[in-house]
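I have placed the structure first, in the form of structure tokens, so that the comments after it can refer back to it.
The values are calculated or read from the model by the stated rules, or taken from the named source; none is laboratory data. Please read these numbers as outputs of a predicted model, since none were measured by experiment. Every residue, glycine as well, gets a Cβ built from its backbone with ideal geometry; the counts of neighbours run over all protein chains shown.
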Amino acid sequence: MKNRIKTALLIGTALCFAGTATAQNSSVEVRLSAMEAEIAALRAELAAERSQTDHKLIELKTAVRQAPMKAVPSRSEDSVTIGGFIDFDAHVTDFSDGGFGANSIVRDFYIPGATPIGGAGTNTTDFTAQASRLWIDAKKNVNGTPVSARIEMDFLGSAQGNQRVSNSYSPRLRRAYVDFNGWRIGQEWSTFQNTSAIPESASFLALSDGMVFIRQPQIRYTSGNFQVALENGNATITPASGSGRIEADGNIIPDIIGRYNFKGDFGNVSLSAMGRQLRLESGGGSDISTFAISGNIAGRVKVGHNDDIRFTLAGGEGLGRYIGLNTANGAAINPVTGDLEAIPSYGGYVAYRHPFENGSRINFGVSALFVDNHDFMALTSTKEVKSAFAAYLFNIAPKVTLGGEIMYGNRENESGVNGDFTRFTFSTKYGF
């Protein structure tokens with residue numbers, strides 16, 4: 001009996017626990033179902049928001065692609081660069097008919113009109129580093145417009161130094177200009193000159209007899225291959241005595257120069273024309289003047305794989321200081337009429353450059369200038385100058401060039417008397 005009672009009690013207790021567990025399980029299942037429903041709703045809401053965000057991003061990217069691009073000035077475009085070279089030249093010169101003082105610029109490079117005539121011959125040896133050069137380039141973006149500038153100097157022709165103790169020489173201005181929107185304003189190579197045609201040489205300058213070579217203040221505009229410029233109108237004039245030189249700075253009209261450049265795989269060739277007013281204020285409010293026109297064709301033309309020919313052919317009236325380093329003046333005063341008459345002159349040169357496989361190269365050429373002096377001019381006036389040169393240059397290291405050169409020059413005046421010079425040059429140049 002007792003066992004039956006115990007059994008009944010145990011079965012009752014188990015049934016109570018089973019009922020309680022069943023009730024609890026039912027409550028948990030309800031809660032889990034509710035949570036699953038909430039999670040599903042959140043997922044659906046997040047998917048809808050993501051779809052809307054992706055759609056907006058697509059619209060934004062499309063708008064950016066279709067919007068016009070605007071140039072944004074960048075500070076990284078602004079720069080200042082310093083460059084130049086150190087140039088040491090050793091000259092051994094033989095003048096057949098005269099000589100020059102130790103500090104004369106004629107002993108540093110070839111000036112055709114200064115070759116002496118009618119004196120005792122001299123021999124000189126000169127060491128110089130005055131051709132060493134320094135330049136500063138600057139670039140800046142101003143409201144989307146590129147602006148650049150250069151200032152350049154060397155030490156040739158300095159009146160400050162001498163060879164006694166320190167050999168100190170003051171710098172001289174070569175070029176100083178600013179560029180923007182096709183304009184170049186400042187001091188620069190003349191638009192009448194094609195600088196790419198200058199021969200490579202061991203000395204500072206070779207074949208200058210028939211070379212258009214001049215730097216001066218100017219205002220130049222370039223549009224594609226065409227250039228036009230207003231340049232400094234200083235004139236050099238032979239006085240009524242028939243000899244000597246007057247530097248006349250009374251021009252009202254600047255020198256007007258137009259130029260067209262042809263460029264291609266062949267190299268480049270330029271055609272230039274110049275109109276000049278040559279004017280002299282003779283005092284008392286009176287003046288005399290004349291107008292002159294001249295032209296120049298120059299260039300560098302490729303020959304074969306690496307060779308090139310460089311040349312200039314210029315002529316006309318009033319060329320004066322533009323050619324031959326002012327061997328002849330631009331005009332002369334007629335002593336009979338008192339009029340100012342332009343002096344015709346014609347000149348040019350041709351040079352050949354041949355590089356070798358080891359990086360060395362040889363250059364050689366000839367040059368001449370012929371002056372058609374007026375009958376009333378003195379017999380001492382220069383009638384013609386001519387020269388020839390050959391130079392061998394090679395690089396012993398990157399940017400370090402050694403060179404040797406032989407040059408011959410001759411000057412003849414209207415009386416038929418002439419003088420010549422021979423110069424050997426050894427050069428060392430390091431560019432940086």
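Remarks
- Residues located in the range 100-110, provided they are assigned to a loop (DSSP other than H, G, I, E, B) and surrounded by fewer than 19 Cβ atoms within 10 Å (Cβ to Cβ): PHE100, GLY101, ALA102, ASN103, SER104
- You will find that of ALA342, ALA328, ALA273, ALA314, the residue that is assigned by TED's automatic domain parsing to the domain that holds GLU412, more than 18 Å from ILE237 (Cα to Cα), buried (at least 20 other Cβ atoms within 10 Å of the Cβ) and among the hydrophobic types (A, V, I, L, M, F, W, C) is ALA314 and no other.
- Evaluation of LYS302 against the conditions (1) buried (at least 24 other Cβ atoms within 10 Å of the Cβ); (2) over 20 Å from the mean Cα position of the chain (by Cα); (3) more than 20 Å from ASN413 (Cα to Cα) shows that the sole unmet condition is (1).
- In the range 276-299, residue nearest to the chain's Cα centre (by Cα) [restricted to those that are surrounded by fewer than 18 Cβ atoms within 10 Å (Cβ to Cβ) and modelled with pLDDT of 95 or more]: ILE297
- Taking the range 123-213 as the region of interest, the strands (runs of 3 or more DSSP E) fully inside it that hold 1 or more residues being touching a residue at least 60 places away in the same chain (Cβ under 8 Å) are 133-142, 145-154.
- Screening the range 285-316 for residues that are touching a Phe, Trp or Tyr at 6+ places or on another chain (Cβ under 9 Å) and among the hydroxyl-bearing types (Ser, Thr, Tyr) and picking the one that is nearest to VAL269 (Cα to Cα) gives THR312.
- Some residue of the range 415-432 being free of Cβ contacts under 8 Å to residues at least 60 places away in the same chain and of a type in the set (D, E, K, R): no
- Count of residues meeting criterion [outside any strand (DSSP E or B) and either touching a strand residue (DSSP E or B) at 6+ places or on another chain (Cβ under 8 Å) or touching a residue at least 60 places away in the same chain (Cβ under 8 Å) (or both)] in the range 357-379: 10
- Note on the range 194-216: residues that are under 14 Å from the mean Cα position of the chain (by Cα), surrounded by fewer than 24 Cβ atoms within 10 Å (Cβ to Cβ) and either closer than 25 Å to GLY330 by Cβ or of a type in the set (D, E, K, R) (or both) amount to 3.
- For the condition assigned to a strand (DSSP E or B), under 26 Å from the mean Cα position of the chain (by Cα), of a type in the set (D, E, K, R) and in the same structural domain as THR122 (by TED's automatic domain parsing), GLU384 does not qualify.
- The range 243-270, subset outside any strand (DSSP E or B) and of a type in the set (Asp, Glu), residue surrounded by the fewest Cβ atoms within 10 Å (Cβ to Cβ): ASP265
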